[in-house]
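Participant: One structure follows; several queries about it will come next.
Taken together, the values in this text are just the output of simple stated rules run on the coordinates, not laboratory data. Quick caveat, the model's predicted, so the values are computed rather than measured. Neighbour counts run over all protein chains shown; Cβ positions are idealised from the backbone, glycine included.
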Amino acid sequence: MRIGIIGAGQLGQMLGFAARDLNVECRFLDPSISPPARVCGDVVQRPFDDAKALAELAASCDVITYEFENVPVGALQGIDGTVPIYPPVDALRQAQDRLDEKRLFERLDIPLPAYRAIDTREDMIAAAEALGLPMVVKTRRLGYDGKGQFVVRTTADIDKAWGTLGREALIAEQWVPFDFEVSSIGVRNIDGDVRIYALSHNVHEGGILQSSRSPIDAPELAGKAAEYVRRMLDHLDYVGVLALELFVKGDNLLANEFAPRVHNSGHWTIEGAATSQFENHLRAIMNLPLGSTANRGHAGMINLIGEIPAAVRTLAAGHLHDYGKAPRPGRKLGHITVVTDTADDRDALLDLIHTNVT
Ligand code: AMP
């Protein structure tokens, strides 16, 4: 069995490590020089939309998957049908466009913040009137980690937002004064079996995930989120791991976005769950029985962004994952996971690590 993975970043690397334990070979496609997953298998160093390289990858692998959601859909369609591609290309297509994504949530009765599609400056003014301020303007396509977003706080910001983002198709969302953010990660295999991980509580700064902890003491929220993920997995006839990010306000959940791939907020599953999201993604796309998603304890994860401080390497607590990437401001270079017997111990340990990281 050989799996072709489009993208050889840290998610590809962690898929590669899980594949090694299953005695499965991986081959990657990525134009970067020396990407993190190079330690896990061959990397074909070609652009993601290189039709010849994709065709060769498809011909030399039993199944194709991907580790980031901006894979060009057109390029994948070129090999669809010649080899199984999971998650399905149609799920990827819907995740790439925030408007399609929101319409999918609506169709599935998954609550979401009020929004408007914006094509003109007049649409933006009308959206501000309808949604109220502040509102968040986002590009429909190719946004990640808070990029391609503008918070419109006053009517004077409308021109600034239009000047910054107006060349692209946009949406505006009501500003959600959420209590906190969560993600629910589920997995479905080719036979349609579904497993859902415990809910993660996630903290973002500047649009970038800083930390996750799981489980959280909120069984009703967890039940609702799991039901939404299950609905998405079944509706999309999905195969693989899917992550749904949600805002929590009181007892309510509002869907923000979904990722058709393994997800940063599930990194804790490597040490903190019986079967990691990476292994379960591989199991799903190979149609093996899914592994248990039960927690092994109280897990927490801190992202190492911009640099890996020397102090972190000498910490006795926690499991360090160094992706082998060159330092750069805002770049995810690694993460640390802790697993403890109690939530209090976990939170204390995360605080201790956090003070060494910042
Ligand atoms: P996104 O790229 O849509 O996941 O947004 C990145 C982060 O920006 C989210 O995780 C939130 O912390 C924040 N954010 C995005 N949309 C909203 C919103 N409508 N209201 C409040 N905060 C938001």
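Participant: Which net charge results when you count Lys and Arg as +1 and Asp and Glu as -1 among the other residues whose beta-carbon is under 11 Å from that of Leu304?
Facilitator: Details: positive: Arg313, Lys325, Arg331, Lys332; negative: Glu307, Asp322.
Once positives and negatives cancel, what remains is +2.
Participant: Return a whole-number percent for the relative contact order of region 142-272, with Cα pairs under 8 Å and 6 or more residues apart as the contact set.
Facilitator: Values: 202 pairs, mean separation 32.4, N = 131.
Once normalised by length, the contact order is 25 percent.
Participant: Could you list Asp50, Asp237 in order of exposure, starting from the residue whose Cβ has the fewest other Cβ atoms within 10 Å? Don't jump to the answer; show the numbers that get you there.
Facilitator: Details: Asp50 16, Asp237 13.
Lowest count first: Asp237, Asp50.
Participant: Let me know the shape class of the chain, please: from the alpha-carbon gyration tensor, a ≥ b ≥ c as square roots of the eigenvalues, rounded when a/c is under 1.5, otherwise prolate if a/b is greater than b/c, or oblate.
Facilitator: Cα axes put the chain in the rounded bin.
Participant: Sticking with this structure for a sec: Order of Arg107, Arg296 from fewest to most other C-beta atoms within 10 Å? Working shown, then result.
Facilitator: Values: Arg107 10, Arg296 13.
In increasing order of surrounding Cβ atoms, one gets Arg107, Arg296.
Participant: Give the shape of region 114-174 as rounded, prolate or oblate, defined through the alpha-carbon gyration tensor: a ≥ b ≥ c are the square roots of its eigenvalues, a/c under 1.5 means rounded, and otherwise the shape is prolate if a/b is larger than b/c and oblate if not. Numbers along the way, then the final one.
Facilitator: On the way: a/c = 1.41, a/b = 1.35, b/c = 1.04.
The shape class here is rounded.
Participant: Would you mind calculating the relative contact order of the chain from Cα pairs under 8 angstrom and at least 6 residues apart, reporting the percent as a whole number?
Facilitator: With pairs under 8 Å counted, the relative contact order is 14 percent.
Participant: State which helices in the chain qualify, where a helix is a whole DSSP H run, it must extend 20 Å or more along its own axis by its Cα atoms, and its mean Kyte-Doolittle hydropathy must be at least -1.0. Intermediate results must be reported in sequence, preceding the final value.
Facilitator: Values: long enough: 219-235 (24 Å, -0.64); 343-357 (21 Å, -0.15).
In the chain, the long hydrophobic H runs are 219-235, 343-357.
Participant: Which whole-number percent gives the relative contact order of region 114-174, counting Cα pairs below 8 Å spaced six or more residues apart? Don't jump to the answer; show the numbers that get you there.
Facilitator: Working: 99 pairs, mean separation 30.4, N = 61.
Computed value for region 114-174: 50 percent relative contact order.
Participant: Mind checking which aspartates and glutamates have their Cα closer than 17 Å to the Cα of Lys224? Skip sequence neighbours fewer than 8 apart in that chain.
Facilitator: By straight Cα distance, Lys224 reaches Glu106, Asp109, Asp179, Glu181, Asp234, Glu245, Asp251, Glu257.
Participant: Neighbouring Cβ atoms within 10 Å as the yardstick, rank Ile33, Ile85 fewest first. Walk me through the numbers before you get to the answer.
Facilitator: On the way: Ile33 8, Ile85 24.
Fewest-to-most Cβ neighbours within 10 Å comes out as Ile33, Ile85.
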